[in-house]
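Asker: This is the structure, below, for whatever I ask next.
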Amino acid sequence: MLLNPLLVITVVVVLIAAGWLLYTGGKSSIAQARPGANLLPTLVATTAGAAVASVPSAAASPVGGWNVHHSGDALTTLEQVNGQLSGQALKLDITQYATGDVTLTSPRVSVEAGKTYLFKAFTSSDADFTLLARKYHADGSSTLEQLRNPLERPGNTPFTVSDAFHSGITTTAVEYVFRLSSKATVRVEGAYLEAADDVRVPAAPTRGPNLIPDPGLAGPQPGAPDVWSPYASGASTVESGRGKDGAGNFLWTRISNYQNGEAKWQYQPVPVTTDRYFEFGATYHSDRQVDVVAEFELAAGGREFHNLETVPPAGEWTTIGETFQVPVGAKSALVTLVSHGDGTTAVRDYSLTDITNPGPLRWDKPLVSITFDDGWQSVYDRALPLLNQHGFRTTQYVNPSSIETPNFVTAAEVQQMHDAGHEIAAHSYEHVDLTAIATDRLDDQLRKSEEALAAAGLSTDDLAPPYGRSDSQVDWYASKYFDIMRGTDDGINTRQNLNPHDLKVFYVTDETTPDRLAEALAETSRANGWLILVYHQIATQANTGTQEHTIAADRSTITSDVLGAQLQLVDQSGIQVLPVAEAFKQLQGP
């Protein structure tokens with residue numbers, strides 16, 4: 001056994017997500033700022049805590065420099081408590097909620113020009129929240145931007161949220177904001193902001209001109225710009241108008257007595273063609289959630305609607321951004337913020353820019369990749385015979401430390417899968433949340449994973465981070481050893497949206513219906529896209545509903561008969577199936 005580099009018999013694999021902290025080996029292994037580098041003030045232990053109650057529409061007193069505000073009808077308390085990881089934590093309780101948003105804001109921190117910064121905090125919450133960054137600029141202005149980092153798995157287990165940015169020449173200070181719009185209990189601990197070179201901040205795409213007509217909302221009409229008009233449908237009372245403040249013009253919509261329908265401001269649709277790639281932006285202020293909807297007029301007649309995002313209530317002007325690809329057959333596009341219920345929404349700073357990649361708009365054919373995480377024995381025993389019936393070769397993401405341990409594949413079985421044409425790819429050395437560990441251990445996990453597979457003759461450039469947890473720092477270290485990295489964003493990869501460090505996936509659970517998979521395959525075919533299916537354990541029919549020995553406490557285990565039916569759908573689609581690395585190489589062309 002010891003002659004095979006994949007056989008590691010001294011490491012115990014942690015099988016439950018909630019146990020990751022025990023697995024890190026103590027505080028020294030937890031993600032934290034370098035000594036003396038944290039720009040945020042440290043919470044100091046108090047004898048009896050620092051509980052602060054608040055009343056509707058009033059701000060709570062700060063705790064440790066952190067502040068709570070709410071824009072509507074809510075009751076909150078903020079206190080300092082013992083942390084679950086180490087030291088002290090902030091505990092925000094929203095005990096009553098009716099309207100508006102509740103925000104927990106970090107202390108304001110000055111930053112230097114021309115530097116890259118990393119923010120990270122451990123958070124637990126029993127409700128969804130949104131992370132935002134408020135940046136202060138040299139001209140005295142500030143912007144509040146919603147980050148692409150929402151909570152995906154509410155619960156009591158701490159997990160990280162993070163952000164990285166380059167200060168450029170105008171940003172002088174920053175604050176981080178946690179926004180909620182429901183009753184909730186939220187804990188934040190271990191927060192830090194430091195100047196950091198070991199983060200990967202994506203370069204901004206090359207943008208064309210703003211295609212929104214009259215984005216400044218000008219015009220002589222007293223209630224509306226010349227090229228804009230209010231729209232409402234259904235049974236409700238709707239008022240609309242144009243306002244102005246120190247930042248310029250904005251459009252507002254107020255709904256009352258709502259029963260059904262919608263209300264929005266709209267402009268003359270912008271001409272588009274199939275597969276062009278666009279970025280939409282706007283700044284909004286609302287006391288209710290709002291849908292960001294792309295409406296496409298089809299050349300063959302009719303319309304197609306895509307809900308790009310649903311944004312929460314915002315008590316302050318907040319900047320949002322979304323990207324989208326024009327569907328097949330569309331000839332014009334209109335992206336708006338749509339309200340479906342009582343409340344007031346104001347919007348400004350509309351933008352729509354073409355960020356289409358140069359060269360061909362799409363790949364010349366669709367592809368599917370079938371992937372399995374963790375190296376479960378059940379995959380070898382139950383999935384491989386079904387895959388062989390169709391001649392499908394897969395990608396198996398394995399943790400070298402788990403091989404030859406109970407419930408996981410053996411080294412011989414890994415070799416057999418490799419010899420049969422399946423790709424053996426990296427899932428980190430141990431199954432640990434890479435965003436939650438210190439950088440020396442992070443680098444060690446990725447390096448040892450790459451080295452162990454290479455030593456066994458299974459070299460790979462392909463990584464899937466455990467739990468799908470990644471951030472800009474994990475990306476930087478992963479880029480030292482791997483060229484492509486699978487993400488967790490749901491969707492189909494296309495030539496326009498492809499990000500080699502964040503491949504989109506279709507996460508299969510026991511709630512995935514045949515119709516949903518069939519539609520994803522159909523869309524993949526229509527768009528000549530790349531669909532990556534993600535599987536975990538495969539149970540027998542008798543084990544349906546159990547989650548025994550499952551790493552992720554989700555619904556990821558499916559039965560062999562369900563897998564067989566899904567593989568049949570893939571086969572019937574006629575789309576070629578390739579392992580991830582082979583598909584990626586083929587899509588890049590010669």
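No value in this document is a laboratory result; all are computed from the given coordinates. The structure displayed is predicted, hence computed values, not measured ones. Methodologically, a virtual Cβ is constructed for each residue, glycine included, from the backbone with ideal geometry; neighbour enumeration extends over all protein chains shown.
Asker: Would you order VAL177, VAL81 from fewest to most other beta-carbon atoms within 10 Å of each residue's own beta-carbon?
Answerer: Starting with the residue having the fewest Cβ neighbours, the order is VAL81, VAL177.
Asker: Also, I was wondering about something else. For ASP101, ASP419, what ranking results if the residue with the fewest other Cβ atoms within 10 Å of its Cβ goes first?
Answerer: ASP419, ASP101
Asker: Can you tell me the relative contact order of the chain? Whole percent, Cα pairs under 8 Å, sequence separation 6 or more.
Answerer: 13
Asker: For a protection proxy built on the mean count of beta-carbon atoms within 10 angstrom, sort 38-45, 557-564, 82-89 highest first, please.
Answerer: Highest mean packing first, the order is 557-564, 82-89, 38-45.
Asker: Taking 0.36 nm per residue of sequence separation and subtracting the Cα-Cα distance, how much length would be gained by fully extending the chain between SER229 and ASP515, in nm to one decimal?
Answerer: Contour length minus the Cα-Cα distance gives 99.1 nm.
Asker: For ASN82 paired with ALA299, estimate the spin-label separation in nm (one decimal), with each label point 7 Å from Cα along the Cα-to-Cβ line.
Answerer: According to this spin-label approximation, the distance is 6.8 nm.
Asker: Assuming R0 = 22 Å, can you tell me the calculated FRET efficiency for the pair LEU147 and GLU309, based on Cβ-Cβ distance, to the nearest 0.05?
Answerer: 0.95
Asker: Taking the simple approach of a point 7 Å from Cα along Cα-to-Cβ for both THR274 and ALA173, what is their distance in nm?
Answerer: Taking the simple label geometry, THR274 and ALA173 are separated by 5.3 nm.
Asker: In debye, nearest 20, what is the charge dipole magnitude of segment 367-588 about its Cα centre with +1 on Lys and Arg Cβ and -1 on Asp and Glu Cβ, if you could check?
Answerer: With only Lys, Arg, Asp and Glu charged at Cβ, the dipole is about 420 debye.
Asker: Grab the other residues whose beta carbon is less than 11 angstrom from that of VAL290, score K and R as +1, D and E as -1, and report the net.
Answerer: -2
Asker: Calculate, axis by axis, the spread of Cα positions in segment 367-588 along the three principal axes, and write the results as whole Å, longest axis first.
Answerer: 46, 42, 32
Asker: Here are some pairs, LYS120/LYS480; LYS115/LYS480; LYS120/LYS244; LYS91/LYS135; LYS115/LYS585; LYS115/LYS365; which of them have Cα atoms lying more than 31 Å apart in this structure?
Answerer: LYS120/LYS244; LYS115/LYS585; LYS115/LYS365
Asker: For Rg/Rh (Cα atoms, Kirkwood Rh), which listed value, (1) 1.02; (2) 1.04; (3) 0.97, comes from the coordinates shown?
Answerer: (3)
Asker: Sticking with this one: About its Cα centre, what dipole magnitude does the chain give when the only charges are +1 on Lys and Arg Cβ and -1 on Asp and Glu Cβ, stated in debye to the nearest 20?
Answerer: Magnitude of the dipole: close to 800 debye.
Asker: Give me the net charge for the shell around VAL379: Cβ to Cβ below 14 angstrom, other residues only, Lys and Arg +1, Asp and Glu -1.
Answerer: Once all neighbours under 14 Å are counted, the net charge is -3.
Asker: Could you run the Debye sum over the Cα atoms of segment 228-354, one equal point scatterer each and no solvent, and tell me log10 of I(q)/I(0) at q = 0.19, 0.21 Å⁻¹, two decimals?
Answerer: These q points yield log10 I(q)/I(0) values of -1.07, -1.24.
Asker: How big is the charge dipole of segment 228-354 about its Cα centre, in debye rounded to the nearest 20, if each Lys and Arg gets +1 on its Cβ and each Asp and Glu gets -1 on its Cβ?
Answerer: With only Lys, Arg, Asp and Glu charged at Cβ, the dipole is about 320 debye.
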